[in-house]
Structure formats: structure tokens, C-alpha cells
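Each reported figure results from applying straightforward, stated rules to the coordinates on display, with no laboratory input. No experiment lies behind these values; they were computed from the predicted model shown. All Cβ positions, even for glycine, are placed from backbone atoms using ideal geometry, and neighbour counts span all protein chains on display.
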Amino acid sequence: MKVLLVYPKYPDTFWSYKHILKYISKKAVFPPLGLLTVASMLPKSWDLRLVDLNVKKLKDADLEWADMVFVSAMIVQKDSAAKIIERASAMGKTVVCGGPYFTTQYEKHPDVDHFVLNEGEVTIPMFLADLKKGKANRVYSSEKRPDIQKTPLPMWELIDTKKYVSLAVQYSRGCPYNCEFCDIVVMNGRRPRTKSPAQMMREFKALHRTGYKGAVFIVDDNFIGNKKEVKKLLPRLIKWQKANKYPFTFLTEASTDLAGDQELMDMMREANFTKVFLGIETPNVDSLKECGKYQNVSRDLGEAVRTINHNGLQVMGGFIVGFDNDTESIFDAQIRFIQENGIPTAMVGILNALPQTALWKRLKKEGRLVSDVTSGENTDVDINFIPKMDREVLMEGYKRVIRTIYSSKAYYQRLNIFLKDYEPSVKGRLKKADIIAFFNSVIRIGVLSSARFRYWKLLIKTSITKRKAFPVAVEYAILGEHYRRISKRIARTQA
């Protein structure tokens, strides 16, 4: 059996970072971890190839070679996924689809031969068993939560790891919290399931054997969802990192209660974690209660951000406007919070109801759900339900937030605030890509960009007052060019 695994293309989004890839000679930010893991679950006798459309084009010759075409996608990739399905079906190929997008919206694709939904450790064996008998069903789904300690290592040999800014691993699935708007509990449940320390060390060693050195994204929805188990893993990772001269820097997602656990922050810093994404959402306490984000209600969110930054972990923040309890004052409140707490990477989006979430079900019951369609793009200027705030006011207010925080003046102001709080702790040597990025930034930003004066002021000040943070200052200056372009696109969008 010849199987072609195809990963759809990402549009130009906040997290795609397409505008900075040229600085470091990379093709994409993250690899298709899900498909690489699925590949390891398929029969060893099968002939496998993988095409990531974010790295290279899908040729007719690729499709002609295959007996079956496997496609996995997130919602934001749905348009590209639909084109892949259309091409493969037109060539008479058996099309098999799975992943987050298809798990909640597979009905939208009647031309797909087989759907293997939910968690692959359960449904892939079901599909393979029936396929072997010659009587595979069209849809395979299961609510069973598998033991991910039995999940195989990804087949890294199917891709060129040098094409990516960061590689990725998964440590856990599930989140103990139940935010109304989030589809994580729909996909992976509320009980965090973790891989064993020994299994994770095998994954890190497998990455290391590819020759890769650089950033590794631990893709968990909440890396610290099970703190007890995380604290078993980190000492082994710290020891291995030291023994191998810190080949990896790590970034991940967590909850704001990280700020209250000094031991955990110390361990993450020693293991060479450098960035953590926090779902801060809003400074409006009533809106936090509305969406069930109670873990954020009981703490000073600004203090949490500053504490985590001070411990060498750069905070990336997620924010939302459009809750029922939001008034027109929310726009200035969001701007003020982001600026005063020095959050360079602030992803602000309009609330949307993802299919099958608690929010989606509530709004449908209230008769406020306009459509079950959403782009999956975190910064899309649209909304799929009837908001309490005037829709036009919401859209214009949102665009003003983005336009303001990603103006060169505001962005560099909070960069300086961030660097004042931040205590760099990155271990290991500078990578070749870092040096290339710096010299590219000198030309592209230091000479050609409208932000050139602020760029030079930032770098000179950082080199004098906090030299160890100089690479971080350069990185954020480059990231700012991407954010600036995204903000301009958002400002032009007609709601």
C-alpha cells in the first residue's frame, strides 16, 4: 500500500509568522506532528511519503504515486484541505481524513471516503482492521481516551527538519479547566493524560538524533495541567540538557497559576524553557466568570505576567473581546493591560463559537448562533453569533485595539517594559540561524523599515543595560515586522 500523507497550507495568520521566515531561511514554523505520529501507527509494510504544503507544493506526480491520501487539518486549514480532497478525489484516490477540523465538522465533506476521527490511538486500529478485511466503514469515532504512554514516536525521517523554525513534541492531552469557548475538553477531555518521563526522553533523544538543534514546541494545551507529573519529568530533562550542552530551547502553553509555583518556574528555567503562552483573555472579571475562566479570577493577572517574565519565561498572551459582559470600555482596558504589563506578543481575537463547545451549545439554545462556520483564525474580523454589544462597535473597537498595540510606537514601548522585567536565562550557544536573522534584521529593519529609529534605540539600550537579552530584543524586533503586517491587514478588513 502506498500512502501519501498531506498537511494543508496555513493562511497568513498571526501564528503563521510567514513574514519572518525570510529572515532565517526557513519554510514553515512548525512540522505536522499529528501526521508524523499517525505515520508511526500505520503498518510497517506500507510505503509512506509526506507532503507539507507549507514547505513545498503538492504535485500531481505525488498523488499519482499514492493508493490512499491521508489528510489531517485544523479549522484554519480547512480551505487548503478542501482543495487537497478535491484533487485527490478527482484522480480516483481513496481519501482518508482526520484531525481536529474533521472531528467536529466531517459532515461538510461528502466526497471523503473515510473519516478516522477523535484520538488516533483508538480509531486508527479500528480502521486498519476493517480495511484489512476489505470492509472499511466511512466514519470511525470514539469517545475513549487512550493511554498516550503507548503512543509511538513520530516518524521524523519523513520530513526535512531543517525547513522548520521549531520542531514539536506532545507531552500531555487534556486540560483540567473548562473554559466555555475552548474546544480542548471536547477533543481531549478534562483529565490531563501525560506521557512518562522515560517516554519523553526517548522523544527528545529521537529529535536530537536527527541533528536538529533549536526551538522545540511542547504543543500541550496546558503543559502544567498535571503539575505532579511535570515535576517528575523536568529533573530528567534538566540533566539531559546539561549533558548535551543544551541543544534545545522550549516553548509551551500553560495557565496563569504557573506564577504561583516558584519550584515549577525554577525547573522550567533550568530545563531551558524560554517562552510560555498564557490564555489571559481579559482584564474584565465579569467576563472571566462568564466564560468559566475562574483560574484567572483569583489572581492579579498583571503581577502573574511580571513574575513569569522575571523568572526568565517570556509571556505570550491570548486575549478576547466580545464577551456578553464586555462594554465599549473593554477596548481601552485591553490596550492598557497589554501595554502596562509589557506583553510583546499579544494575540487579541474576537470571541467566536467553535463547534460543539459549551459556548456554541449555549448560543444555539439562546437562538443567537448565526452560523457554525468559523475560520479558525484567531484574529479574524468576524463573529458567528449575535453579540450583546453592537456588532459594528465591536468590530471597529477590535480593529482599533490591533491597530494601536501593533503600531511601532506602542510595540517598542512595551518591548522596553518587557525587557526591564525580564531576566534572561537562555542556555547554550547562539545558533547559526540567530546570527543570520540579526544581519538580515539590520538591513530589513535597521535600514528599510519605518521602525528603524526605534529598532536602533532598542538594540543600543539593550546592549548597554541588559546584554544577555540582546538576542531576545533582536527576535522581538523581527517578530514586530510580522505583527505590523498582520495588523494592517486586519485594519483593512471589512467586517
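When every Cα-Cα distance of the chain is counted in 10 angstrom steps from zero, the calculated P(r) takes the values 4, 19, 29, 29, 16, 4, 0 percent. Projected onto planes of every orientation and averaged, the convex hull of the alpha-carbon atoms in the stretch 119-260 covers 10.7 nm². Computed extension length for Asp160-Asp12: 51.1 nm, one decimal, from 0.36 nm per residue of separation with the Cα-Cα distance subtracted. With distances taken between every two different alpha-carbon atoms, the stretch 204-335 has a Kirkwood hydrodynamic radius of 16.0 Å. Figure legend: label point modelled 7 angstrom from the Cα of Ser89 along Cα→Cβ; residues of the stretch 103-141 with amide N under 11 Å from it are 108-114.
Shape analysis of the stretch 140-194 based on the Cα gyration tensor places the equivalent ellipsoid semi-axes at 26, 15, 11 Å, largest first. Think of the stretch 2-140 as a dipole: +1 on every Lys or Arg Cβ, -1 on every Asp or Glu Cβ, centred on the Cα centre; then among Phe115, Tyr23, Tyr101, Tyr23 lies furthest on the positive end. Across the stretch 206-299, Cα pairs under 8 Å and at least six residues apart give a relative contact order of 29 percent. Between Arg49 and Lys364, the simple spin-label model (points 7 angstrom out along Cα→Cβ) gives 4.0 nm.
Sparsely packed loop sites in the stretch 33-67 (the trypsin sites (Lys or Arg not before Pro) outside DSSP H, G, I, E and B with at most 15 other Cβ atoms within 10 Å) comprise Lys44, Lys56, Lys57, Lys59.
Any of Lys18/Lys293; Lys275/Lys457; Lys27/Lys431; Lys18/Lys231; Lys213/Lys275 with alpha carbons more than 28 Å apart? Name them for me. Table pairs above 28 Å Cα-Cα are Lys18/Lys293; Lys18/Lys231.
Per residue, the average separation of C-alpha pairs within less than 8 Å and at least 6 apart gives the chain a relative contact order of 13 percent. Normalised Debye scattering of the stretch 203-276 at q = 0.14, 0.22, 0.25 Å⁻¹ gives log10 I(q)/I(0) of -0.42, -1.02, -1.29, counting only Cα atoms as equal scatterers and leaving out solvent.
Please give the FRET efficiency for Lys245 paired with Ile464, using the beta carbon to beta carbon distance and R0 = 41 Å, rounded to the nearest 0.05. After rounding, the FRET efficiency stands at 0.90. Where in the stretch 281-322 is the amide nitrogen less than 13 Å from a point lying 7 Å along the Cα-to-Cβ axis of Lys388? Taking a point 7 Å out along Cα→Cβ of Lys388, the residues of the stretch 281-322 whose backbone N falls under 13 Å are 284-292, 322. Based on Cα contacts under 8 Å between residues 6+ apart, the stretch 2-140 shows a relative contact order of 25 percent.
Projected over every direction and averaged, the convex hull enclosing the alpha-carbon atoms of the stretch 165-420 yields 13.8 nm².
Every Cα-Cα pair of the stretch 334-456 was included, and the share exceeding 26 Å stands at 44 percent. Annotation: lysines with alpha-carbon distance below 23 angstrom to Lys2 (same-chain offsets under eight excluded): Lys44, Lys56, Lys57, Lys59, Lys83, Lys93, Lys132, Lys133, Lys135. For the stretch 2-140, the ratio of Cα radius of gyration to the globular rule of thumb 2.2 N^0.38 Å stands at 1.04.
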